[in-house]
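This report refers to the structure that appears directly beneath it.
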Amino acid sequence: MLIRSFEEALSRRKDHGFQLLSSGEEAVAVGLCSILNEEDQLLTGGRSIGPSLARGVEPARVMAELLGKASGTNRGKGGRGHLADPAAGFFGAHAVVGGNISIAGGVALAKQMLGSEGIVAILFGDGAFGAGGLHETLNIAATWRLPLLFVCNNNQLSVSTPRNAALAPKNLSDIGMAFGIPSQTVDGMDVDIVRKAMGDAVDHARAGNGPVFLECISYRFSSHSTTARETRSRSELTAIRAKCPIVLYTAVLKAAGILNPDMEKELSRDVAEAVEGALAFADASEYPNASEVLTDVW
Amino acid sequence: MFFREAIMRAVREEMRGNDRIVILGQDVGAFGGSYREFDGLFEEFGAGRVRDMPVAEAAMVGVGVGAAAAGLRPLVSITYMDFMMLGFDPLINYGAKLRYKTGGQLTAPLVVKTTAGAKGQGVAHSQCIEAWLMSVPGLKVVAPSTAADAYGMLKAALREEGPVVFVDHKRLFPVAGEVPLAEEIVPFGLAKVCRSGTDLTISTHSFMTRVAMEAADLLQSEGVSAEVIDLRSLAPLDIDTIAGSVRRTNALLTLEEGQVTCGVGIEVIARVQEILAPISAARVGALPAPVSSNRVLEPACLPDAQRVVQAARKLLKR
């Protein structure tokens, strides 16, 4: 709910160029992050607002970063697609499609060699699936039994090209088999299913048994970016939005008697407050001083 | 000590002193490196720290950069500099920018050690593309020409806080040179005057330093006194030493094995001009063609002492 509300608030703003939203894909990020521990690290592609918030990065600092303020996670220098807060277990996003996958392999190697209990998760879209970095890193991770979770958030679009026009395998998780990596395709719109699959995968990796590959089938509600053209028809979009993971899970929790209308109202209020607070913090923050253009280059 | 042994000694000493240093690359393990420059390291440090990788340079650099960001200090060996192109994305888009883009939270202290230069191996195994890398903010680039500098600069590279590209050269590996017995670091950003002269400054680096010295001998016999300066470090570039020399000689000839277009030489000339106002200068480099393995075409493409002498005569109007 926080992710959706945060992204909606951000998309109403016009002072950030554009953003890469993940509305519709929240269950993947939340299901994954609900399983990760403090000593674990998460790396993602550029579509990183949802995953960073799900990992627990402070919303105010994420908002400040996306609006270019010096109080942001990266002092405003990374911006969209490059959020990072390693202290919070979010090693970072990298906006070159597929570019962060081998990097994650290196982070996992460091974890393994330095004797850390932690594991590494790399979250990427189906757009990165066709890139060489994935294939090379799967091979290395399997050979070295790296504690690495490959999580493919298959949102059906490689930037704007439909999945079937870009990728040959029937199930994207089939790729794991070639490397002897346990692999699975799950419904990425159901947070319980994602959490269960992630739990098994994390146990496997944490026990030193090497990498796991998970494909989560999800649906992106909006176009590639807030300024990119929407290529899907209105009826297609209506059908996709009807699969909303938040609506689905709310119904599940209500049916189980865990969530009642009062709690739901309170949650909505908390989320709205958190997003307003994040915006207020970001708006009250300064842009970096122009002299910072030359700091931290080396 | 041979150049390749100097590399081996530097890596061994640094690995003994810092257990976070790991070697990643193709044939670096029991095989000992393509030029035996890692001989004995696998035996001493084991398969954990001296890791053979699949022939996938993009992932070699990517894994290296990621491991560096997460606390290790990898030396990634890319057999030929031509293959570095496959690793440019992780090196340039990630490693070189990491400190900046994370606002100082992360940095990637890795060394990419690679071998440049032509020695009969053809169009995709011979290139010197160090000039491409000099323009990347956040990246340091060094290319020593002697065993002593290879030793001292590789040790320095393994102690740097960000990514370094260490360029050696196929024709330098079998070359022997004096290396100090005591441990010695050669800091980056200092050019070296290899030969003093009064009529002409020749600025060069890597294997071409030897060609420049040969040319300086030939010029001497014609009565031209050439000063030869080995840049050693390309980024950062020690422009003061070159400018100081040109202030005395009033003529600058740059020599490199790579292309002169947007090359190391034109950068040196431009920066010297920024200090000294217009100067008399000329560039020598490979001809604008791929470097073939053909025994006639390869030497036809590359600069040699004769070509340097001719360029010097023309520059000095002799």
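Things worth noting here:
- For chain A, a Kirkwood hydrodynamic radius built from all Cα pairs, placed in the Stokes-Einstein relation at 37 °C and 0.692 mPa s, yields a translational diffusion coefficient of 168 µm²/s.
- Computed across the protein assembly as shown, the Kirkwood radius stands at 26.2 Å (inverse of mean 1/r, all Cα pairs).
- Neighbourhood charge, 13 Å Cβ-Cβ cut-off, centred on A:THR226 and excluding it, Lys, Arg +1 and Asp, Glu -1: +3
- Under a Gaussian network description of chain A, with springs only between Cα atoms under 10 Å, the residue in A:PRO169, A:PRO245, A:PRO147 that fluctuates furthest is A:PRO169.
- Sparsely packed GluC sites (Glu not before Pro) within segment B:113-182, loop by DSSP, other Cβ within 10 Å at most 14: B:GLU161, B:GLU178
- By other beta-carbon atoms within 10 Å, ranking A:VAL247, B:VAL264 with the fewest at the front produces A:VAL247, B:VAL264.
- Membrane-span-like helices in chain A, defined purely by DSSP H runs whose alpha carbon atoms cover 24 Å or more axially and whose average Kyte-Doolittle hydropathy reaches -1.0, are A:261-284.
- Cross-linked pairs B:LYS113/B:LYS155; A:LYS170/A:LYS243; B:LYS101/B:LYS192; B:LYS119/B:LYS155; B:LYS170/B:LYS192: Cα-Cα separations exceed 24 Å for B:LYS101/B:LYS192; B:LYS119/B:LYS155.
- Between B:HIS125, B:HIS205, B:HIS169, the Gaussian network model of chain B with springs among Cα atoms under 10 angstrom shows the greatest mean-square fluctuation at B:HIS125.
- Simple point charges give the picture: +1 on the Cβ of Lys and Arg, -1 on the Cβ of Asp and Glu, and for chain A a dipole about the Cα centre of about 740 debye.
- Cβ-defined net charge surrounding B:THR201, 11 Å radius [Lys, Arg +1; Asp, Glu -1]: +1
- Remark on segment B:3-169: Rg and Dmax equal 14.5, 45 Å (Cα only).
- Within the listed set B:GLY64, B:GLY117, B:GLY138, the residue fluctuating most in the Gaussian network model of chain B (springs between alpha-carbon atoms under 10 angstrom) is B:GLY138.
- Each pair of Cα atoms in segment A:144-248 enters the Kirkwood radius, and Stokes-Einstein at 20 °C and 1.002 mPa s then converts it into a translational diffusion coefficient of 142 µm²/s.
- Unit Cα scatterers, Debye sum, segment B:192-315: log10 I(q)/I(0) for q = 0.11, 0.16, 0.22 Å⁻¹: -0.33, -0.69, -1.28
- Projecting the Cα atoms of B:CYS262, A:GLY106, B:SER34 onto the dipole axis of the protein assembly as shown, where Lys and Arg carry +1 and Asp and Glu carry -1 at the beta carbon, places B:CYS262 farthest toward the positive end.
- Neighbourhood charge, 13 Å Cβ-Cβ cut-off, centred on A:THR250 and excluding it, Lys, Arg +1 and Asp, Glu -1: -1
- Cβ-placed point charges (K, R +1; D, E -1), dipole of segment A:201-278 about Cα centre in debye, nearest 20: 400 debye
- When each of the peptides B:75-86, A:99-110, B:41-52 is scored by how many other beta carbons lie within 10 Å of its residues on average, the order from highest to lowest is A:99-110, B:75-86, B:41-52.
- Among the residues of A:129-141, the average count of other protein chain beta-carbon atoms within 10 Å of the residue beta-carbon is 4.
- With a Förster radius of 30 Å applied to the beta-carbon distance between A:ALA256 and A:ASP200, the computed FRET efficiency rounds to 0.85.
The numbers here are math on the coordinates, done by the rules we state, and not lab data. Quick caveat, the model's predicted, so the values are computed rather than measured. No Cβ is skipped: glycine too gets one built from the backbone with ideal geometry, and neighbour counts run over all protein chains shown.
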